[in-house]
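Contents: one structure, followed by commentary.
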């Protein structure tokens with residue numbers, strides 16, 4: 001009898017200790033309020049980034065970038081590229097100046113100072129190049145992957161709606177263009193001759 | 001799975017139970033439980049979330065055992081049903097989306113190192129040691145072999161077949177939950193489709209390790225060797241994955 005009592009007492013104590021260390025109780029309305037305060041607005045976040053952070057965003061000179069990846073693609077991307085998880089796609093923020101040589105349906109072709117060419121994307125603005133290249137957001141900081149992905153969606157929307165149209169209205173072959181943007185390089189299929197930059201800043205030098 | 005097969009049973013639901021236990025652990029850790037009727041939010045510590053995950057695994061396993069012993073449903077059918085139930089529950093619990101960002105202390109379970117050895121290896125060593133002692137040094141372990149060898153004889157010998165079988169399936173559920181928690185921790189994400197086809201790997205490891213599907217014969221160390229062989233085969237398959245249909249499962 002005493003043995004059983006002791007056994008059940010020990011089991012009860014273990015359950016109570018485990019329970020005490022397992023949960024924390026707090027008023028639901030307070031938790032809800034703090035959650036509502038923290039509701040994520042991807043559009044505002046993306047707009048704030050484009051308006052305030054793009055100018056000061058560190059970027060690699062595009063000519064330097066092209067020469068480095070042609071010399072040592074794997075080493076350079078591993079050292080300087082930003083990627084999500086174990087992806088083969090590395091992202092970079094690039095800047096430079098080039099002359100418009102042609103205006104295609106999906107991109108504008110720029111000839112750089114070193115005679116190489118790059119494409120500025122003007123259509124099909126997709127992917128995570130801006131978000132991941134700029135390292136503006138860390139996946140661990142978000143409640144779910146939808147919030148994290150919505151940043152890229154909104155950044156791409158802003159580029160599509162606010163950055164490309166005014167540029168396309170003014171740009172013509174022969175213009176000198178100052179640009180800053182994001183690019184993704186897949187090390188398994190780099191296509192370095194036709195890298196497509198998602199523009200963050202496009203300025204025609206008058 | 002070894003204990004289950006030793007009793008001449010099978011558990012097809014381990015992959016789904018793994019996913020559900022991992023999702024429950026991640027969900028409780030990340031979102032807690034809201035109880036509006038008493039205006040209370042129950043937040044879970046890492047310890048609490050893990051405990052809840054293990055309880056869920058144990059409960060599902062117990063349900064398997066109960067269905068098999070109480071209603072005489074063949075293990076293949078009962079656990080096949082649980083495979084679907086647990087997968088559906090996982091989808092409901094997660095809403096079909098991964099639960100991510102579970103924190104560094106939880107990630108330590110799957111990615112941390114202790115004395116130069118990864119944490120999952122320590123956990124495996126503890127589980128293996130527990131299983132060896134259970135099967136070789138306890139009455140319960142001998143009962144498992146006896147039931148698998150000849151269930152009628154075991155019953156006539158006074159062994160409580162139902163109780164042993166329910167415990168065996170409960171242990172399988174708890175260990176599936178352990179796998180789910182480690183996997184969730186390693187990925188820092190509870191995936192609704194985690195653990196797909198893991199039951200086949202698990203059964204293959206047990207059988208390759210020498211445990212008889214007819215029950216009554218086999219060992220935990222054999223299963224460890226079987227699991228290592230399966231692991232090597234899975235890793236060795238990777239170079240072929242660039243060839244469609246050759247490396248893929």
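Residues to consider are B:215, B:141, B:195; find the one that is in contact with a helix residue (DSSP H, G or I) (Cβ under 8 Å, 6 or more places away or on another chain) and buried (at least 23 other Cβ atoms within 10 Å of the Cβ).
Result: B:195 is the single residue among B:215, B:141, B:195 that is in contact with a helix residue (DSSP H, G or I) (Cβ under 8 Å, 6 or more places away or on another chain) and buried (at least 23 other Cβ atoms within 10 Å of the Cβ).
Is it the case that the stretch A:158-176 has a residue that's away from chain B (no Cβ under 14 Å), surrounded by fewer than 20 Cβ atoms within 10 Å (Cβ to Cβ), in contact (Cβ under 8 Å) with a residue 60 or more places away in the chain and on the phi > 0 side of the Ramachandran plot?
Yes, the stretch A:158-176 contains at least one residue that is away from chain B (no Cβ under 14 Å), surrounded by fewer than 20 Cβ atoms within 10 Å (Cβ to Cβ), in contact (Cβ under 8 Å) with a residue 60 or more places away in the chain and on the phi > 0 side of the Ramachandran plot.
What tally of residues in the stretch A:165-180 results from selecting those that are closer than 16 Å to residue A:106 by Cα and outside any loop (DSSP other than H, G, I, E, B)?
Taking the stretch A:165-180 as the starting set, the residues that turn out to be closer than 16 Å to residue A:106 by Cα are A:165-169, A:171-173.
Still in the running and outside any loop (DSSP other than H, G, I, E, B): A:165-169.
The total comes to 5.
List, please: which pairs have Cβ atoms under 7 Å, are six or more places apart or on different chains, and start with a residue in the stretch A:69-83 that is over 15 Å from residue A:183 (Cα atoms) and end with one that is surrounded by 12 or more Cβ atoms within 10 Å (Cβ to Cβ)?
Cβ pairs passing all conditions: A:70/A:192; A:74/A:187.
Can you work out which of the residues in the stretch B:31-53 that are part of a helix (DSSP H, G or I) and closer than 21 Å to residue A:15 by Cα is farthest from the other protein chains (Cβ to nearest Cβ)?
Residue satisfying both the conditions and the ranking: B:53.
Counting only residues that are within 14 Å of another protein chain (Cβ to nearest Cβ) and touching a residue at least 12 places away in the same chain (Cβ under 8 Å), which one in the stretch A:107-147 is farthest from residue A:53 (Cα to Cα)?
Among those residues, the one meeting the criterion is A:143.
Given the condition under 30 Å from residue A:141 (Cα atoms) and within 14 Å of another protein chain (Cβ to nearest Cβ), answer yes or no: does some residue in the stretch B:158-176 qualify?
No: the stretch B:158-176 contains no residue that is under 30 Å from residue A:141 (Cα atoms) and within 14 Å of another protein chain (Cβ to nearest Cβ).
Collect the residues in the stretch B:89-111 that are outside any loop (DSSP other than H, G, I, E, B) and over 21 Å from the mean Cα position of the chain (by Cα), keeping them in residue-number order.
B:100, B:104, B:105
Can we say residue B:22 is away from every other protein chain (no Cβ under 14 Å), buried (at least 21 other Cβ atoms within 10 Å of the Cβ) and touching a strand residue (DSSP E or B) at 6+ places or on another chain (Cβ under 9 Å)?
Spelling it out, residue B:22 is indeed away from every other protein chain (no Cβ under 14 Å), buried (at least 21 other Cβ atoms within 10 Å of the Cβ) and touching a strand residue (DSSP E or B) at 6+ places or on another chain (Cβ under 9 Å).
Give me the pairs, please: first residue somewhere in the stretch B:84-100 and within 11 Å of another protein chain (Cβ to nearest Cβ), second residue anywhere and modelled with pLDDT under 95 and assigned to a strand (DSSP E or B), beta-carbon distance under 9 Å, and either six or more positions apart or on two chains.
B:94/B:190; B:98/B:189; B:98/B:190; B:99/B:189; B:99/B:190; B:100/B:189; B:100/B:190
Among the residues of the stretch A:145-154, which ones are touching a strand residue (DSSP E or B) at 6+ places or on another chain (Cβ under 7 Å) and surrounded by 19 or more Cβ atoms within 10 Å (Cβ to Cβ)? It would help to see each step written out before you state the result.
Filtering the stretch A:145-154 for residues touching a strand residue (DSSP E or B) at 6+ places or on another chain (Cβ under 7 Å) gives A:145.
Result: no residue meets the conditions.
The values are calculated or read from the model by the stated rules, or taken from the named source; none is laboratory data. Please read all numbers here as calculations on a predicted model, not as lab measurements. Glycine also receives a Cβ, built like all others from the backbone with ideal geometry; neighbour counts cover every protein chain displayed.
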